Structure formats: structure tokens, C-alpha cells
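Below is one structure, written out as C-alpha cells, with a few remarks after it.
The values are calculated or read from the model by the stated rules, or taken from the named source; none is laboratory data. Since this is a predicted model, take the numbers as computed values, not measurements. Note that we place each Cβ from the backbone using ideal geometry, even for glycine, and neighbour counts take in every protein chain shown.
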Amino acid sequence: MRRKNVFWGLVFLTGAAALLLSRLGFLRGVGFWSIVCNIFLASVLVKGIAKRSFEKMLFSLAFLIIVNDELLGLEAITPWPVLGAALLGSLGLNLLFPKSAKWGSHPAWGRGEGAEGRESVGRVFYKNTFGDATKYLSGVVGRVEAENAFGSMQIYFTETLLEGHRAQVEVQSSFGNTVLYVPAVWKVVTDVRVAFGNAEENGNCNPYGEDVLYVGGSVNFGNLEIVYVGEEECAGSEKAE
């Protein structure tokens, strides 16, 4: 958390310095909002490099070129050619350098042309590229890692028990739609980084639930949706309390 605060603190200080310099005439011909936009895009680029997120790196670089195309003399490749190159480059890099699973290899599960998966006791890794994949989890789960790129992924936790009443889900969704179906009687804590995408919850969970699911990861040019299943049961349990 402190590292994150230091990073954004430096970003805001840089913005403050740019504001003063522009008013003093040291940045003639460069608008204040252009400077702010460049600072923001540069910060996204740095975070993308730190997190090895090819989407953040290439698209932030593409938007930097678009914002400064006249200054750089690159009007011929903006905006659509450079955005198309960022899209294709992200796809190519993700295929060439996929994130590897941390557990032993097991037969693939799920459905979809680009689906693959690995499981060990309490641990699940699921990856989908250019496909429509669905997974119904069962048994005891402690950690789930899900990667979805240019496809649709649905994961059902409705028949799952959490290891020690706690479990962690790490989602990496890029240019795709990922949906988690979660029992409404669970408590869900989300901490998802979103860049040019959306993360939302459909329904309500139980804030006092004994079972707690922590959802983290990142969404880049995609969508993450958490759907709560069985809210009637959740409401009944709250009345019982």
C-alpha cells in the first residue's frame, strides 16, 4: 500500500509542478490538460510495465502517441492505425508470453476452443483465449486463478466449499467478459484493478457471511461481473439471525 501511495504521490507532485511551469510560461505551446493527460498515461504505462500487463503498456503508449502526434510528427498513424497495432501487439505478446500456472499439470477442463486448465488440491488454474468457456467448480477450493483474453468465461462457485471458509480468486480479463456466479450467502471482498474496462456486482451478498471470497486481479478493456445466486436463501438466513 505504501508503494502505491508513493507512486501516486509522485504523479500528483509532477502535475503540480507542470501547472506552475505552464503558468510561468516555461511550457509554451503545451496546454495544461495535455500535460495532465500525458502524466496520467505515463503513469499507466509505468504500472503496466511493473505488472507485466501488455495491454496497459501498449495502449497507454498508443494514447500517448495520439495525444502528442503533432509534436512527434506521427499524424499519419493516428488514431486508428496505432490503436489497431496496440490491439494486435497485445494479442501477440499474450500468446507468446502467457502467464504460467503455479501448480502441477492436469487434464484440461471446461469447454471452448481456447480453454485449458490445471488443478491440484484446493487450487485451480483456468485459461481461455478466443473461446466461450464454462466451469462448474465442486469440492473444496482455496485459490482460483482465471485468465480470459478475447473470449467469454463463466465460473460457477455454487457447488463449492471454501477451504477454511476462505478463498482467493485472481482474475486477469483482457478484451473479454468474465462472470463469477457466487452464492449470495457468502461475503465477497473485491479489490480489482480496472483499466479501460468495467467490474460490477449483480445482486447482493451477505456482509456477515461465514464464508469469505476475496476477488482480486485486473480487468483491461474487458468486463468482470459477479452474480449472486440464491438471494432468497441469503435473506432467510439474515432473518434467522
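Where residues in the stretch 130-147 are free of Cβ contacts under 8 Å to residues at least 24 places away in the same chain and more than 16 Å from Leu161 (Cβ to Cβ), which of them is surrounded by the most Cβ atoms within 10 Å (Cβ to Cβ)? Give the derivation first.
So in the stretch 130-147, the residues free of Cβ contacts under 8 Å to residues at least 24 places away in the same chain come out as 130-133, 136-140.
Retained after the next criterion (residues that are more than 16 Å from Leu161 (Cβ to Cβ)): 130-133.
Working: Phe130: 15, Gly131: 20, Asp132: 17, Ala133: 25.
Here the answer is Ala133.
Which pairs do you get when a residue that is more than 10 Å from Val144 (Cβ to Cβ), found in the stretch 118-129, comes within reach of a residue that is at pLDDT 55 or above and part of a strand (DSSP E or B), reach meaning Cβ atoms under 6 angstrom, with the pair 6+ apart or on two chains?
Arg118/Phe125; Lys127/Glu147; Asn128/Asn148; Asn128/Met153; Thr129/Ala149
For the stretch 40-98, which helices (runs of 4 or more DSSP H) that fit wholly inside it have 2 or more residues that are in contact (Cβ under 8 Å) with a residue 24 or more places away in the chain? Walk me through it before giving the result.
Working: elements: 54-67, 69-72, 80-96.
By residue number, 54-67, 80-96.
To keep it simple, each residue is scored yes or no on (1) modelled with pLDDT under 90; (2) under 18 Å from the mean Cα position of the chain (by Cα); (3) among the hydroxyl-bearing types (Ser, Thr, Tyr).
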residue: Pro183; (1), (2), (3): no, no, no
residue: Phe196; (1), (2), (3): yes, yes, no
residue: Asn202; (1), (2), (3): yes, yes, no
residue: Pro207; (1), (2), (3): yes, no, no
residue: Asp211; (1), (2), (3): no, no, no
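Against the conditions (1) among the aromatic types (Phe, Trp, Tyr); (2) within 25 Å of Lys47 (Cα to Cα); (3) buried (at least 18 other Cβ atoms within 10 Å of the Cβ), where does Phe157 fall short? Just the number, please.
(2)
How many residues does the stretch 155-197 hold that are assigned to a strand (DSSP E or B) and either hydrophobic (A, V, I, L, M, F, W, C) or not assigned by TED's automatic domain parsing to the domain that holds Val227 (or both)?
Taking the stretch 155-197 first, the residues assigned to a strand (DSSP E or B) are 155-162, 166-174, 177-183, 187-195.
Imposing the further condition that a residue be either hydrophobic (A, V, I, L, M, F, W, C) or not assigned by TED's automatic domain parsing to the domain that holds Val227 (or both) reduces the set to 155, 157, 161-162, 167, 169, 171, 179-180, 182, 188-189, 192, 194-195.
Number of matching residues: 15.
Taking the stretch 176-219 only, how many residues are acidic (Asp, Glu) and closer than 16 Å to Tyr156 by Cα? Steps first, answer last, please.
Of all residues in the stretch 176-219, those acidic (Asp, Glu) come to 191, 200-201, 210-211.
Subset that is closer than 16 Å to Tyr156 by Cα: 201, 211.
Looking only at that region, the number is 2.
Could you please let me know if Gly122 is at pLDDT below 90 and small (Gly, Ala, Ser)? Write out each step before concluding.
Numbers: at pLDDT below 90: yes; small (Gly, Ala, Ser): yes.
Against the criterion (at pLDDT below 90 and small (Gly, Ala, Ser)), Gly122 qualifies.
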